[in-house]
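The values are calculated or read from the model by the stated rules, or taken from the named source; none is laboratory data. No experiment lies behind these values; they were computed from the predicted model shown. Here Cβ is always computed from backbone atoms with ideal geometry, including for glycine, and neighbour counts include all displayed protein chains.
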Amino acid sequence: MISAQNVKRALISVYDKSNLKLLAQVLHDLDWEILSTGGSAAFLRESGFRVTDIKDFTAAEEILSGRVKTLHPKVFSGILFDRDQTDHIDQIIANKYQAIDLVAVNFYPFEEKAINANLSPEQSIEFIDIGGPSMLRAAAKNHAHVIPIIDPADYSLVEEQLRTTGNVSAVTRRALAAKVFKTTSLYDSLIAEHLGLTLSRPEADRLEQDVLIALKKQENLRYGENPHQAGAIYQVPSPKSPFASKYRLEDVYAGKGLSYNNYLDLDAACRIMTDFHEDNVCAIIKHTNACGVALSANSIFEATERAWASDPVSAFGSVVGYNQCVTAEAAQFFKDKFIECLIAPDFTEEALTVLKSKKNLRVLRFHPCSLTKEPLLLRQTQFGILGATEVIGIDPKSWRCVTQKSPSKNDLDEMTFAFKIVKNLKSNAIAISANQQLLAMGAGATSRIDALKHGLLKAEELGHDLKNAVLASDAFFPFADCVTLASQKGITRFVQPGGSIRDQESIDLCNKLGLMMVFTDARYFYH
């Protein structure tokens, strides 16, 4: 009965019927028998192909509302038996089973039907495919003898090799098997995230015990961080994943495709913009650091002018972000300026008309995603993947004044503005501001005094007056040297985490000079 030695047999059960006629045609032309189920069988018959129903092959009706139709020993024995083992062949013959030499299957679209439709776990159950992944995994395990196909895009490759040689090469079979296991892994990860990964644990343990990350490729990028590198962007489809995107680009209105570095700078812009929920804020990003930020209670145009004035030299070729709707007046500001991208939650029609007239400017609208889990951050290293909870927010109400001179509400507002900026700069970092405008910053320095020196030098070059300005630091002052140098330039207000064994030296110097210092009691390193 082991007719597989003479008659080739394919099992086809697909939700996505793209390119299916191409595969069926080559099987028909080479005299393969086609086994199929339900909608796939009906589609193939309507297309003119001869099909054997799986229930006729197994001599068993499907049961449990279709949950069990291919889960049968005759199906899985036909897929899994090793054609090179005599005892396997003997068992197939003894049981009057037949070989299945090709399995083409794809699944119910769980992502589309359950996740995107925001179904509850209970409602999602019926969209979990069991038979399909089981058959494909069996075929992939036995790929030396069975051709496993999960992607309709691979039908043409299989068709070409079957017509040319009558078989599919070992290299192709292994690649197809790898794709099956990769796809079923992604599929299972999406289901796991949607149903809920973990049981309740102590509140202090906010990191997952084991991490599943389902990544779907969104698109290739023109290149990576440098032109000799390849680049791509991936998305985590499930909003229940702690690694899901916090923001989505709802519209790309103009300009060429985004680059790897554009995405990094857009991320930096969103980090700053979304720390400001009121008033009008413009942030200008260069190489992932803010070179200009300003807040205006009056207009988005005023915020734009003041942010650009922070450092017009560095702003060349930058990414500009807003936390409010962009007006035509603000858009007009960039008519004669070169920027890479402009991102905002919304635009007026007039603003879009102005911005679209600039060749190659990427104009993007972003929107917060609805996340169901607290975000976790990952960082790849040469030694492993590091994980951490999301950076905590700023709570000025918890800050402590440690000097004799206490801050007024206006002082605290300015300190808050400066600290929202410094928490998003690369460490070591300082930010100097006045009147809700970034005047200078130092980032990525190997010492805090060097970060300050860089910022002061830049401020001097640009002609900024630092009298009565605020200096924010992302970590403590290890010595009093930062207070000494900053005070010589007119800076009178300091906000920093505190926590150095030599904090008192800085506090004492502030008191001696009549300066003001506030401790946040929370460090904000951002490497």
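Taking the criterion of being more than 16 Å from Ala522 (Cβ to Cβ) and among the hydrophobic types (A, V, I, L, M, F, W, C), would at least one residue in the range 392-413 satisfy it? For the range 392-413, residues more than 16 Å from Ala522 (Cβ to Cβ) and among the hydrophobic types (A, V, I, L, M, F, W, C): absent. For Phe419, the conditions (1) in a strand (DSSP E or B); (2) within 21 Å of Phe477 (Cβ to Cβ); (3) of a type in the set (Phe, Trp, Tyr) are fulfilled apart from (1). Here the range 232-255 is the region considered, the condition is being under 21 Å from Ile115 (Cα atoms) and charged (D, E, K, R), and the residue that is surrounded by the most Cβ atoms within 10 Å (Cβ to Cβ) is Lys240. Considering the range 57-78, the residues that are among the β-branched types (Val, Ile, Thr), buried (at least 18 other Cβ atoms within 10 Å of the Cβ) and within 40 Å of the chain's Cα centre (by Cα) include one that is modelled with the lowest pLDDT, namely Thr70.
Of everything in the range 386-426 that is small (Gly, Ala, Ser) and surrounded by fewer than 21 Cβ atoms within 10 Å (Cβ to Cβ), the residue that is nearest to His277 (Cα to Cα) is Gly393. The criterion of at least 1 residues that are in contact with a Cys (Cβ under 6 Å, 6 or more places away or on another chain) is met, among strands (runs of 3 or more DSSP E) falling completely within the range 341-407, by 362-368.
Set side by side, the residues Val168, Val180 differ, and just one is β-branched (Val, Ile, Thr), in the same structural domain as Val105 (by TED's automatic domain parsing) and not in a helix (DSSP H, G or I), which is Val168. The set of residues in the range 431-446 being aliphatic (A, V, I, L, M) and surrounded by fewer than 24 Cβ atoms within 10 Å (Cβ to Cβ) consists of Ala434, Ala443, Ala445.
Annotation note: of Ile12, Ile34, the sole residue that is within 35 Å of the chain's Cα centre (by Cα), closer than 15 Å to Leu162 by Cβ and either in the same structural domain as Ile100 (by TED's automatic domain parsing) or at pLDDT 95 or above (or both) is Ile12. Could you tell me whether the range 192-209 includes any residue that is modelled with pLDDT of 80 or more, of a type in the set (A, V, I, L, M, F, W, C) and surrounded by 19 or more Cβ atoms within 10 Å (Cβ to Cβ)? The answer is no; no qualifying residue exists.
The numbered conditions (1) among the aliphatic types (A, V, I, L, M); (2) buried (at least 17 other Cβ atoms within 10 Å of the Cβ); (3) out of contact with any Lys or Arg (no Cβ under 8 Å at 6 or more places or on another chain) are all true for Ala294 except (3). The condition (being at pLDDT 90 or above, part of a loop (DSSP other than H, G, I, E, B), hydroxyl-bearing (Ser, Thr, Tyr) and out of contact with any Leu (no Cβ under 6 Å at 6 or more places or on another chain)) is satisfied by just one residue among Tyr263, Tyr223: Tyr223.
Taking the criterion of being free of Cβ contacts under 8 Å to residues at least 60 places away in the same chain, basic (Lys, Arg) and more than 24 Å from Leu412 (Cβ to Cβ), the only residue of the range 443-494 that qualifies is Lys453.
Within the range 248-261, residues that are more than 16 Å from Gln229 (Cβ to Cβ) have Cβ atoms under 7 Å from residues that are small (Gly, Ala, Ser) in no pair, counting only partners at least 6 apart in sequence or on another chain. The set of residues from the range 158-176 being touching a residue at least 60 places away in the same chain (Cβ under 8 Å) and closer than 11 Å to Leu30 by Cβ comprises Glu159, Leu162, Arg163, Gly166.
Every residue, every condition in (1) outside any helix (DSSP H, G or I); (2) in contact (Cβ under 8 Å) with a residue 24 or more places away in the chain; (3) not assigned by TED's automatic domain parsing to the domain that holds Val146, yes or no:
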| position | (1), (2), (3) |
| --- | --- |
| Val75 | no, yes, no |
| Ala104 | yes, yes, no |
| Leu119 | yes, no, no |
| Glu122 | no, no, no |
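Checking the stated criteria, Asp521 turns out to be surrounded by fewer than 19 Cβ atoms within 10 Å (Cβ to Cβ), among the acidic types (Asp, Glu) and under 28 Å from Gly393 (Cβ atoms). Being more than 18 Å from Pro478 (Cβ to Cβ) and hydrophobic (A, V, I, L, M, F, W, C) is the filter here, so list the residues in the range 432-455 that pass it. The answer is Ile432, Ala434, Leu438, Leu439, Ala440, Met441. Checking each residue in the range 271-318 for being of a type in the set (Ser, Thr, Tyr), more than 15 Å from Cys341 (Cβ to Cβ) and assigned to a loop (DSSP other than H, G, I, E, B) picks out Thr274, Ser299, Ser314. Residue pairs whose Cβ atoms lie under 6 Å apart, sitting 6 or more positions apart in sequence or on different chains, and linking a residue in the range 383-405 that is over 22 Å from Lys420 (Cβ atoms) to a partner that is among the basic types (Lys, Arg) and exposed (fewer than 15 other Cβ atoms within 10 Å of the Cβ), are Leu386/Arg379.
For the range 261-276, a residue qualifies if it is farther than 15 Å from His367 by Cβ and either buried (at least 18 other Cβ atoms within 10 Å of the Cβ) or in contact with a Lys or Arg (Cβ under 8 Å, 6 or more places away or on another chain) (or both), and the qualifying residues are Asn261, Asn262, Asp265, Ala268, Arg271, Ile272, Asp275, Phe276.
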